[in-house]
Structures are given as structure tokens and as C-alpha cells.
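> One structure, as C-alpha cells, below. Some questions next.
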């Protein structure tokens, strides 16, 4: 498996192609009304601490957290943030020296902790003050259709997957490492049938179980506060927190033509999603009874 660095550009020099193009790290994201360096625990508690949020729970280390979910629940964001800060203190020494995602994954597994929690929640659930402070990239040709706030501790990983809309991750606090593969590498990544997630884990590569993954060629980068990563439709990526804790905002945009159609591996998935949306649209409205 061969990985090369994602090219880095300034936001003045970057405009993504309507056909998708390639990932880029944008090194100087313009801040929102609240500069990213001010999104510290005290600010987050003040603005959204009392808001109920759904929290994901996983047994064992936070590896491939989307494939290995246990039952979660809702709690005030401030309570979740207390757990994050406390856990970050306990595991922070493992982040010294800027370890790689592979090193972090091995170290967190050795801790043998019983539970980990993770938060990704739509930003529109929160007050306008926080939404206005999100550093929306000014280099995309459309407004975001969805914006998510992510918050997790060292070692938290989403698992290798692709998205069917173009997106951008903007780092607010801490560091995240990304491993990316173009759609052409799908045959080497052991994608789960009918899903956009993969069985292969580049943070803990098992080439005996997944021998074709040795042939995969991809890209990698580490995002720091004030930097963003643009990811075109269909690019597989795995994201891992490599600092004691991290916060980032994820923007999704409309999928412009012909993105998606240009990736045969997504056709069946997009067709099934389109059929589901059509059935929902054609479903009769609930009967309200006589008037």
C-alpha cells in the first residue's frame, strides 16, 4: 500500500472542478465570525452546553466507529464535553510527538478501555451564534446543504468509506489524519456489499485477510486548526483523531452533474437511494380525518 501527501494550496488558489477533481488541503481557511482558535471548551459550554445531543457509543476502542456501533443516547452537550476533556487528559500522553494514525490505533487498543463515545451532530440543531461562527469555505460554487459538528478523543476513527456528495472537513481544535483512495482503488479496499464502507482498515492493515489491499495507492494528510480538506464524490477516506481530542466541522454540498455518474462503483448505491426517495415522495399523506 503506497500513500503520497495530499497537495496543499491557499484558498485564493483553489476552486474545485465540477467534475470532482482531486483532494486538496486548503491551508488558510477564512474564519467565521468566531475565529476557530476561540472554539475552546469554555466557549462551547457557554453557547451549546445545555443542548441535548445524540451520542454514539462503542464497546472497546473507538475503531471503525460507524461499523461497530452499540446503543447510544442523548445527553446535554456539556456533559459529553466533560467526558471528552477528562478522557483527553488521561490519554493525552499518547499524542505526544505527533504520532501517526497507525501508532495511535495500536496505543489506544493497548489501553483496553471498555467504552468510547463520539459525537457528530448537525450544526443547525445549535444556536445561531455557533452556526455563524462556522468557517464556511469561500471557494465552493454553492452553499452547503448539510453541516455537521464532530467531537471526539484520541484514536476515534470513522472507518474507511466514501461519500456520495462533495464535502470538506475544517479543523477547529486538535489534529486529524486522513487516508484517502480514489474511486479507481475500490477493488482493493473490500467494500461491504451495497454500502459505502469498507472492511479493510488502513490504520491496522491485515494483508492476510485482505491481500489485494497491498496494491492500493492513495493519499494522506494531517489537518491542523485553520486547515480544510476537500474530498470529491466517491473518494474513500478514513479519518482518525491523532491529538488528545479534536473538533471539526464537516460541510456537504450538492452533487453537481456529472459527479457520481462518472463513478460506476456508486451507480447501484445511488439508484437504490433514488428509489427510496421516490417511494417516500409518492407515499400518501397521513389521513387527517373528516373536517
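> Do we find a residue being out of contact with any helix residue (DSSP H, G or I) (no Cβ under 9 Å at 6 or more places or on another chain), within 21 Å of residue 245 (Cα to Cα) and outside any helix (DSSP H, G or I) anywhere in the stretch 183-199?
Scanning the stretch 183-199 turns up no residue that is out of contact with any helix residue (DSSP H, G or I) (no Cβ under 9 Å at 6 or more places or on another chain), within 21 Å of residue 245 (Cα to Cα) and outside any helix (DSSP H, G or I).
> Out of 256, 202, report the one residue that is surrounded by fewer than 20 Cβ atoms within 10 Å (Cβ to Cβ), more than 14 Å from the chain's Cα centre (by Cα) and touching a residue at least 60 places away in the same chain (Cβ under 8 Å).
Among 256, 202, only 256 is surrounded by fewer than 20 Cβ atoms within 10 Å (Cβ to Cβ), more than 14 Å from the chain's Cα centre (by Cα) and touching a residue at least 60 places away in the same chain (Cβ under 8 Å).
> Here's something else I'd like to know. Going residue by residue through the stretch 222-242, is there one that turns out to be touching a strand residue (DSSP E or B) at 6+ places or on another chain (Cβ under 7 Å), modelled with pLDDT of 95 or more and surrounded by fewer than 21 Cβ atoms within 10 Å (Cβ to Cβ)?
Yes: the stretch 222-242 contains one or more residues that are touching a strand residue (DSSP E or B) at 6+ places or on another chain (Cβ under 7 Å), modelled with pLDDT of 95 or more and surrounded by fewer than 21 Cβ atoms within 10 Å (Cβ to Cβ).
> Quick one: which of 109, 89, 131, 175 is over 28 Å from residue 194 (Cα atoms) and free of Cβ contacts under 8 Å to residues at least 40 places away in the same chain?
It is 131.
> Need the failing condition index for residue 251 against (1) closer than 28 Å to residue 10 by Cβ; (2) touching a strand residue (DSSP E or B) at 6+ places or on another chain (Cβ under 9 Å); (3) surrounded by fewer than 19 Cβ atoms within 10 Å (Cβ to Cβ), just the number.
(3)
> Take the conditions surrounded by 14 or more Cβ atoms within 10 Å (Cβ to Cβ) and at pLDDT 90 or above and apply them to residue 82. Does it pass?
So residue 82 fits the description; yes.
> Among (1) more than 29 Å from residue 75 (Cβ to Cβ); (2) at pLDDT 90 or above; (3) outside any strand (DSSP E or B), there is one condition residue 203 misses while meeting the rest; what is its number?
(1)
The values are calculated or read from the model by the stated rules, or taken from the named source; none is laboratory data. As the structure is a computational prediction, the values presented were derived from the model and not from experiment. Because the Cβ atoms are built from the backbone with ideal geometry, glycine has one as well, and the counts that use them run over all protein chains shown.
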